[in-house]
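Colleague: After the structure tokens below, expect a handful of questions from me.
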Amino acid sequence: MRRTERPVWMGPVSWPAVVLRAAVLLVACLAVLLPFLSVVMTSLAGQEEINEAGGFVLWAAEPTLNAYRAVLSGGVVTQAMIVSIGVTAVGTAVSLLSTIGLAYGLSRPGSLGHGLMLRVTLFTLFFTPGIIPMYLLVQHLGLIDQWAALILPVMVNAFNVIVMRSFFLDMPGELIEAAKIDGASEFATLVRIVLPLSRAVVAVVGLFYAVAYWNAFFTALLYIQSPEKWPLSLVLRTFVVDQTPIGADELSAGSTALPPQTAIQTAIIALSVIPVLVIYPFLQKHFRAGLLVGGVKG
Amino acid sequence: MKPGLLVRKRSVEPRAPAPRPNDATTVSGHRRSRWRKDRVLIGLAAPGFLAVVLFNYVPLLGNVVAFQDFQPYLGVAGSQFIGFDNFDIIISGDAEFLNALRNTLVITFIQVVLVFPLPICLALLLNSLMNDRVKVLVQSVLYLPHFLSWVIVVALFQNMFGATGQFNSILAATGLPGVTIMGVPELFKAVITSQVIWKDTGWSAIIYLAALSRVDTNLYEAAALDRAGPWQRLWHVTLPAIRPVIILLLILKLGDALSVGFEQILLQQAPVGTSVSEVLDTYVYNNGIVGQNWGVAAAIGLVKGIVGVILVLAANRVAHVFGERGVYQR
């Protein structure tokens with residue numbers, strides 16, 4: 001049984017308090033889950049069901065994938081999906097490699113320049129450079145309207161470096177010393193000894209980067225100008241938040257009748273949420289491991 | 001704000017440089033030999049470190065445009081220096097700027113008073129659950145919205161509270177007149193506050209839960225023996241135990257006082273207008289990037305950044321005065 005025994009000192013169970021707690025938590029969970037249910041159901045509904053429900057549907061009796069077929073058969077949404085997937089994949093790989101390198105370089109005690117580099121990295125948590133100077137730098141580097149502008153400025157996150165470095169520091173030093181005595185170079189030690197033991201932290205940091213790239217909105221708004229280079233977040237903003245009507249031209253759906261606007265909009269929302277929902281369980285199982293809050297004990 | 005800032009204290013102190021057994025000749029600190037020994041490590045760290053410097057410190061140089069009549073076609077090098085003219089808007093109290101400042105401070109105040117205590121209450125509630133399976137399930141559900149972007153959150157809220165949203169369908173079904181909650185200027189601050197609560201209450205509780213899990217249960221037992229009831233145990237045992245974490249997060253929140261929900265607000269300005277929704281960050285964006293008023297926007301961004309750093313350091317100093325640990329120690 002997972003149930004912990006109730007210690008004697010807690011005194012008798014107070015049933016009104018139990019009911020109250022259960023009610024509060026139930027309402028909170030429903031408040032989180034209902035919007036998702038409503039979006040998924042509406043995206044699966046046909047025109048009559050949407051009309052009948054007066055806008056949004058809570059249960060699609062006759063689910064249809066027409067809206068998904070329409071947005072995924074080419075056109076702006078498909079294009080934006082591909083851009084978002086590409087930026088997320090490349091960005092996560094680049095971020096992980098540079099973060100692992102920096103965290104490992106900063107985790108070997110007493111190496112040359114490591115104190116200074118650590119301080120310089122940590123201090124970035126205290127400030128943000130500001131919108132205008134950031135824009136001018138990206139412009140100066142010739143990255144405006146390039147997908148690289150979605151990756152390079154946010155490539156290394158100091159918080160992730162710290163999480164990874166603490167993990168490396170907590171690793172038994174004997175392992176690394178043993179590898180050194182066997183003649184392994186620093187690089188070989190990292191690849192053969194340290195990384196295989198750090199799968200959990202690499203997974204969590206990688207997922208954090210992936211979620212950040214997938215969700216990126218402001219960097220895209222700031223740096224990407226051509227609509228054909230838009231990631232999904234800008235498509236979502238234009239056609240869902242700003243309610244710009246989405247028609248046959250944007251979808252290249254051909255001669256077939258368009259599914260209802262509401263279904264298309266909710267399908268775009270669902271497509272933006274699904275990848276996060278898919279990787280969430282993998283992220284979630286690490287929360288309890290205390291990986292991220294392990295440093296609090298100070 | 002990410003909980004990771006808490007690790008700063010521990011991480012700043014590098015471990016004592018332990019002499020390695022097999023290179024006793026090099027520890028003495030000859031730079032050349034240290035470089036030869038450590039060049040692989042430095043090479044590994046270099047790409048990430050250069051990115052940190054290039055995209056965090058180099059942009060600070062761009063703040064010179066705050067003192068220029070910046071024209072994009074002339075560039076930073078060719079634009080004329082005009083001293084502090086761009087700061088006139090702040091000094092003379094331009095109406096639009098003051099409006100943005102006022103909205104920012106009001107929203108920060110609402111968030112400190114109404115939003116900040118909620119994760120603490122949630123953590124206390126979750127901590128009181130005896131059944132681990134229920135606890136994990138509730139946590140999993142409530143953490144989820146944190147991982148959605150603001151675009152998605154705003155879209156979901158429109159789905160619920162927009163002109164044709166669920167809420168209006170329910171009103172229509174019961175015969176009541178509909179109301180587009182998300183388009184009413186007077187309700188704007190309530191809407192963004194509820195969005196922040198929906199998105200981040202669960203996730204923010206994680207840090208308090210970690211602190212609560214480390215409270216010594218012997219303390220509760222001793223308190224109970226001394227006839228302390230549940231509320232007295234909460235007040236005299238639990239809250240003092242998590243007080244350092246509460247103060248630390250409050251300091252970080254105050255340091256962020258001038259940055260409120262930039263993406264979130266930018267996405268929802270159109271239907272309600274700028275008089276209720278303009279905050280400092282959107283002011284800088286709308287004037288600088290959209291309005292091409294580079295110098296003034298940069299000046300305001302610069303002042304905002306400096307005030308932000310001062311606020312964190314000052315709040316931390318206050319925490320030290322009251323004998324708390326704060327973000328870092330002296």
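Colleague: Given the criterion within 30 Å of A:V76 (Cβ to Cβ) and out of contact with any helix residue (DSSP H, G or I) (no Cβ under 8 Å at 6 or more places or on another chain), identify the matching residue among A:A178, A:A248, A:A212. Please lay out each step first, then the result.
Modeller: Details: A:A178 fails: within 30 Å of A:V76 (Cβ to Cβ); A:A212 fails: out of contact with any helix residue (DSSP H, G or I) (no Cβ under 8 Å at 6 or more places or on another chain).
It is A:A248.
Colleague: Return the residues of the range B:92-109 that are without any contact (Cβ under 8 Å) to a residue 12 or more places away in the chain and among the aliphatic types (A, V, I, L, M); say none if nothing qualifies. Steps first, answer last, please.
Modeller: First, pick out the residues of the range B:92-109 that are without any contact (Cβ under 8 Å) to a residue 12 or more places away in the chain: B:92-95, B:98, B:102, B:109.
Correct list: B:A95, B:L98.
Colleague: Which residue is farthest from A:A270 (Cα to Cα), if the candidates are limited to the range B:150-175 and must be assigned to a helix (DSSP H, G or I) and β-branched (V, I, T)? Full working, then the answer.
Modeller: Pass one, the range B:150-175, residues assigned to a helix (DSSP H, G or I): B:150-161, B:166-173.
Adding the requirement that they be β-branched (V, I, T) leaves B:151-154, B:170.
Working: B:V151: 12, B:I152: 9, B:V153: 12, B:V154: 13, B:I170: 22 Å.
Checked the range B:150-175; the qualifying residue farthest from A:A270 (Cα to Cα) is B:I170.
Colleague: Filter the range B:176-218 for residues that are outside any helix (DSSP H, G or I), farther than 25 Å from B:V112 by Cα and of a type outside the set (A, V, I, L, M, F, W, C) and give the result. I'd like the intermediate steps shown before the answer.
Modeller: At the first step, the residues of the range B:176-218 found to be outside any helix (DSSP H, G or I) are B:176-180, B:184, B:213-216.
From what is left, the residues that are farther than 25 Å from B:V112 by Cα are B:176-180, B:214-216.
Matches in the range B:176-218: B:P177, B:G178, B:T180, B:R214, B:D216.
Colleague: If you go through the range A:70-119 one residue at a time, how many are exposed (fewer than 15 other Cβ atoms within 10 Å of the Cβ) and in contact (Cβ under 8 Å) with a residue 24 or more places away in the chain?
Modeller: Counting residues in the range A:70-119 that are exposed (fewer than 15 other Cβ atoms within 10 Å of the Cβ) and in contact (Cβ under 8 Å) with a residue 24 or more places away in the chain gives 3.
Colleague: Let me spell it out: the conditions are (1) modelled with pLDDT of 80 or more; (2) surrounded by 13 or more Cβ atoms within 10 Å (Cβ to Cβ), and B:G83 meets all of them except one. Which number is the exception?
Modeller: (2)
Colleague: Going through B:G308, B:G301 one at a time, which residue ends up being out of contact with any Pro (no Cβ under 7 Å at 6 or more places or on another chain) and surrounded by fewer than 22 Cβ atoms within 10 Å (Cβ to Cβ)?
Modeller: Numbers: B:G301 fails: surrounded by fewer than 22 Cβ atoms within 10 Å (Cβ to Cβ).
Going through B:G308, B:G301 in turn, the sole match is B:G308.
Colleague: Specify which of the listed residues (B:Q139, B:Q195, B:Q166) is of a type outside the set (D, E, K, R), at the interface with chain A (Cβ under 7 Å from one of its Cβ atoms) and surrounded by 17 or more Cβ atoms within 10 Å (Cβ to Cβ).
Modeller: Result: B:Q166 is the single residue among B:Q139, B:Q195, B:Q166 that is of a type outside the set (D, E, K, R), at the interface with chain A (Cβ under 7 Å from one of its Cβ atoms) and surrounded by 17 or more Cβ atoms within 10 Å (Cβ to Cβ).
Colleague: Can you give me the number of residues within the range A:86-120 that are touching a Leu at 6+ places or on another chain (Cβ under 7 Å), polar (S, T, N, Q) and within 7 Å of another protein chain (Cβ to nearest Cβ)?
Modeller: Selection size over the range A:86-120: 1.
Colleague: Condition first: within 30 Å of A:Q225 (Cα to Cα) and either polar (S, T, N, Q) or in contact with a strand residue (DSSP E or B) (Cβ under 9 Å, 6 or more places away or on another chain) (or both). Now tell me which residues in the range A:145-180 satisfy that.
Modeller: Step one: filter the range A:145-180 for residues within 30 Å of A:Q225 (Cα to Cα), giving A:145-160.
Selection gives A:Q146, A:N157, A:N160.
Colleague: Take the residues of the range A:153-182 that are more than 16 Å from A:A103 (Cα to Cα) and among the acidic types (D, E): which is surrounded by the most Cβ atoms within 10 Å (Cβ to Cβ)?
Modeller: Within the range A:153-182, the match that is surrounded by the most Cβ atoms within 10 Å (Cβ to Cβ) is A:E177.
Colleague: Any residue in the range B:142-162 that is over 19 Å from A:L33 (Cα atoms), buried (at least 19 other Cβ atoms within 10 Å of the Cβ) and more than 9 Å from every other protein chain (Cβ to nearest Cβ)? Write out each step before concluding.
Modeller: Within the range B:142-162, the first condition is being over 19 Å from A:L33 (Cα atoms), and the residues that meet it are none.
No, because not a single residue in the range B:142-162 is over 19 Å from A:L33 (Cα atoms), buried (at least 19 other Cβ atoms within 10 Å of the Cβ) and more than 9 Å from every other protein chain (Cβ to nearest Cβ).
Colleague: Can you name the condition, by its number, that B:A228 falls short on among (1) outside any helix (DSSP H, G or I); (2) under 30 Å from A:I132 (Cα atoms)?
Modeller: (2)
Colleague: Only residues in the range B:182-207 that are without any contact (Cβ under 8 Å) to a residue 24 or more places away in the chain count as the first member; pair them with residues that are of a type in the set (A, V, I, L, M, F, W, C), Cβ under 6 angstrom, at least 6 apart or cross-chain, and list the lot.
Modeller: B:L187/B:I181
Colleague: Answer yes or no as to whether B:V112 is of a type in the set (A, V, I, L, M, F, W, C), without any contact (Cβ under 8 Å) to a residue 40 or more places away in the chain, in a helix (DSSP H, G or I) and surrounded by fewer than 18 Cβ atoms within 10 Å (Cβ to Cβ). Please lay out each step first, then the result.
Modeller: Values: of a type in the set (A, V, I, L, M, F, W, C): yes; without any contact (Cβ under 8 Å) to a residue 40 or more places away in the chain: no; in a helix (DSSP H, G or I): yes; surrounded by fewer than 18 Cβ atoms within 10 Å (Cβ to Cβ): yes.
No; evaluated as a whole, the condition is false for this residue.
Colleague: Determine which member of the set A:L195, A:L141 is within 24 Å of the chain's Cα centre (by Cα), surrounded by fewer than 18 Cβ atoms within 10 Å (Cβ to Cβ) and more than 8 Å from chain B (Cβ to nearest Cβ). Even if it seems obvious, please write down each step before you answer.
Modeller: On the way: A:L141 fails: within 24 Å of the chain's Cα centre (by Cα).
Every option except A:L195 fails the conditions.
Colleague: Going residue by residue through the range A:152-172, is there one that turns out to be within 22 Å of the chain's Cα centre (by Cα), small (G, A, S) and more than 8 Å from every other protein chain (Cβ to nearest Cβ)?
Modeller: Among the residues of the range A:152-172, not one is within 22 Å of the chain's Cα centre (by Cα), small (G, A, S) and more than 8 Å from every other protein chain (Cβ to nearest Cβ), which makes the answer no.
Colleague: Which numbered condition trips up B:A299, out of (1) in contact with a Lys or Arg (Cβ under 9 Å, 6 or more places away or on another chain); (2) part of a helix (DSSP H, G or I)?
Modeller: Result: B:A299 fails condition (1) only.
Colleague: Taking the stated definitions as given, is B:S213 within 10 Å of another protein chain (Cβ to nearest Cβ), surrounded by fewer than 20 Cβ atoms within 10 Å (Cβ to Cβ) and closer than 25 Å to A:H286 by Cα? Show your work before the answer.
Modeller: Details: within 10 Å of another protein chain (Cβ to nearest Cβ): yes; surrounded by fewer than 20 Cβ atoms within 10 Å (Cβ to Cβ): yes; closer than 25 Å to A:H286 by Cα: yes.
For B:S213, the condition - within 10 Å of another protein chain (Cβ to nearest Cβ), surrounded by fewer than 20 Cβ atoms within 10 Å (Cβ to Cβ) and closer than 25 Å to A:H286 by Cα - is met.
Colleague: Right, something else. How many residues, within the range B:217-227, are closer than 10 Å to A:W9 by Cα and surrounded by 12 or more Cβ atoms within 10 Å (Cβ to Cβ)?
Modeller: Here the count works out to 5.
Colleague: It is to be established whether one or more residues within the range A:226-248 are closer than 30 Å to A:A158 by Cα and surrounded by fewer than 17 Cβ atoms within 10 Å (Cβ to Cβ). Give the derivation first.
Modeller: Narrowing the range A:226-248 to residues closer than 30 Å to A:A158 by Cα: A:229-237.
Cutting the leftovers down to surrounded by fewer than 17 Cβ atoms within 10 Å (Cβ to Cβ) gives us none.
No: the range A:226-248 contains no residue that is closer than 30 Å to A:A158 by Cα and surrounded by fewer than 17 Cβ atoms within 10 Å (Cβ to Cβ).
Colleague: Follow-up. More than 7 Å from every other protein chain (Cβ to nearest Cβ), in contact (Cβ under 8 Å) with a residue 24 or more places away in the chain and either within 26 Å of the chain's Cα centre (by Cα) or not in a helix (DSSP H, G or I) (or both) - does that describe any residue in the range A:123-135?
Modeller: The answer is no, given that none of the residues of the range A:123-135 is more than 7 Å from every other protein chain (Cβ to nearest Cβ), in contact (Cβ under 8 Å) with a residue 24 or more places away in the chain and either within 26 Å of the chain's Cα centre (by Cα) or not in a helix (DSSP H, G or I) (or both).
Colleague: Collect the residues in the range B:277-296 that are surrounded by 17 or more Cβ atoms within 10 Å (Cβ to Cβ), more than 8 Å from chain A (Cβ to nearest Cβ) and part of a helix (DSSP H, G or I), keeping them in residue-number order.
Modeller: Residues satisfying the conditions are B:S277, B:L280, B:T282, B:Y283, B:N286, B:N287, B:G295, B:V296.
Colleague: With the checklist (1) over 30 Å from B:G48 (Cα atoms); (2) without any contact (Cβ under 8 Å) to a residue 12 or more places away in the chain in hand, flag the one item A:E49 doesn't pass.
Modeller: Answer for A:E49: the failing condition is (2).
The values are calculated or read from the model by the stated rules, or taken from the named source; none is laboratory data. Because the structure is predicted, anything quoted here is derived from the model rather than measured. Note: ideal-geometry Cβ built from the backbone for every residue, glycine included; neighbour counts use all protein chains shown.
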